[in-house]
Amino acid sequence: MKADSGGIYPPPYSYNMDYQWAPPIQPGYNINPALYPNGQPMVSYATQPDGTPIVTTQPNVMVIPQPAHNDYLCLSIVSLILCFLPLGVAAVIFSCKSRDSLRHGDMFSAAINSRTAFKLNMAALGIGIAGHITWITCVVYFNVTYSHATNYHFSFSL
């Protein structure tokens, strides 16, 4: 069977000069239009049959980054261990809730839980610092005031 007999082979390739890949560039237009990052042109130009230009543009896409809310987990653990235990536990719970909300993309709940965890941490820190200052003051006061009562002189007489 011959290749040109019209059997299983496709017809021979012929280059057609009448076929245009893109519309002709109109005078006054930019030859190299700006491209999107994926290589697509931002603007395409064409003409109607009566010669009126058609300008097609792609919509602008604006990506606004969302603020990532801090979960304050480290501060919550420090408040739990060193400051005030009940508020520290509550702060750890709200910090974990904030982290879960961020993981699920719920920015509103993450912001509320983050703010609550921060407030609980600040309250625990304030109570903890006040408690430690009070404790240190009491220890110093009682050691200075009652230091003469602890000076016992034991004498062993047989």
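Taken together, the values in this text are just the output of simple stated rules run on the coordinates, not laboratory data. Computed from a predicted model, the values in this text were never measured in an experiment. Because the Cβ atoms are built from the backbone with ideal geometry, glycine has one as well, and the counts that use them run over all protein chains shown.
Using θ = phi - 60° in the Karplus curve 6.51 cos²θ - 1.76 cosθ + 1.60, the 3J(HN,Hα) couplings for segment 128-135 round to x, 5, 4, x, 5, 5, 4, 4 Hz; x is entered for Gly and Pro. Ranked by the mean number of other Cβ atoms within 10 Å per residue, highest first, peptides 82-95, 125-138 order as 82-95, 125-138.
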